[in-house]
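**Q** After the structure tokens below, expect a handful of questions from me.
The values are calculated or read from the model by the stated rules, or taken from the named source; none is laboratory data. These numbers were taken from a predicted model, which means no experiment stands behind them. Here Cβ is always computed from backbone atoms with ideal geometry, including for glycine, and neighbour counts include all displayed protein chains. Only protein heavy atoms, including side chains, enter the accessible area calculation; ligands, DNA and RNA are left aside. Shrake-Rupley method; radii C 1.70, N 1.55, O 1.52, S 1.80 Å.
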Amino acid sequence: MTTHCQRCVSEDDFAKASLFMLAHKRDLHLSYTTLEMVTLIYSYITQGHLICTIDADHRVVAVGAYYYGTPDQEFQDKDVALLDIAIIDKGFRGSRLFIQGLQYMVNAIGEEHPEVRELRLAALAGNDYLCRLYAKFTSSRFDREGTHGKEVVFCEEMNTLRGTLKKYSRL
């Protein structure tokens, strides 16, 4: 399985990522509506960053999105990047693809926003798959109330996360 990650920058990139997110909105939560997903996509296009993973056939198989700063702090906390969307097509799910995408995202954030010291990864508390996965890469966490219930926010310093990802990428 050959895949590569890329930042969405063109209208075509945004369209492909948006269509993937709309098609997989129920992977985030069963009650996500199309309007909620369109609103979320708009928020990432205008205030955040979309990263997609493309397979050998040029199809989007995963999308991650992050904010530079956090919406709670009106994006003023420039030492934090918040990844609160990660969707991987069920046929491609696995630690290897997740590590590839997270490594790409950490490197992209480091290059574009070198002042970021902490990465936060948010997941719905009921999403056992993501919570277990995020816990492998982070050392602290806190809970918050999200639009679809309780969320767990996992936190790790960027340098520590880079070191952890290097260990995993050797496997």
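**Q** If you roll a 1.4 Å probe over the heavy atoms of the protein chains, what accessible area per residue do you get for segment 101-171, in Å²?
**A** Counting only protein heavy atoms, the per-residue value for segment 101-171 is 55 Å².
**Q** Using a Gaussian network model on the chain with a 10 Å cutoff between Cα atoms, which of Thr53, Thr138, Thr34 fluctuates the most?
**A** Maximum among the listed residues: Thr34.
**Q** Something else about it: Per residue of segment 54-68, what does 6.51 cos²θ - 1.76 cosθ + 1.60 with θ = phi - 60° give for ³J(HN,Hα)? Whole Hz please, x for Gly and Pro, Karplus curve as stated.
**A** In residue order, the calculated couplings are 10, 8, 5, 8, 6, 9, 6, 10, 7, 9, x, 9, 9, 10, 8 Hz.
**Q** When the Karplus curve 6.51 cos²θ - 1.76 cosθ + 1.60 is applied with θ = phi - 60°, which whole-Hz ³J(HN,Hα) does each residue of segment 75-82 get, with x for Gly and Pro?
**A** Those phi angles translate into 6, 8, 7, 6, 8, 10, 10, 10 Hz.
**Q** For the chain, which whole percent of the accessible surface, found with a 1.4 angstrom probe, sits on carbon and sulfur atoms?
**A** Reported share for carbon and sulfur atoms: 51 percent.
**Q** What GluC sites (Glu not before Pro) does segment 55-118 have in DSSP loop regions with at most 13 other beta carbons within 10 Å?
**A** Sparse-neighbourhood loop GluC sites (Glu not before Pro): Glu74, Glu115.
**Q** Quick one: which residues, 5 or more positions from Val61 or on another chain, have an amide H under 5 Å from its amide H? H modelled 1.01 Å from N in the peptide plane, none for Pro or chain starts.
**A** Thr53, Ile54, Asp55
**Q** Can you give the convex hull volume of the alpha carbon atoms of segment 4-169 per residue, in Å³?
**A** Each residue corresponds to 110 Å³ of Cα convex hull volume.
**Q** May I ask you to derive the FRET efficiency for Val38 and His58 from their Cβ-Cβ distance with R0 = 25 Å, giving the value to the nearest 0.05?
**A** Computed FRET efficiency for Val38 and His58 comes out at 0.55.
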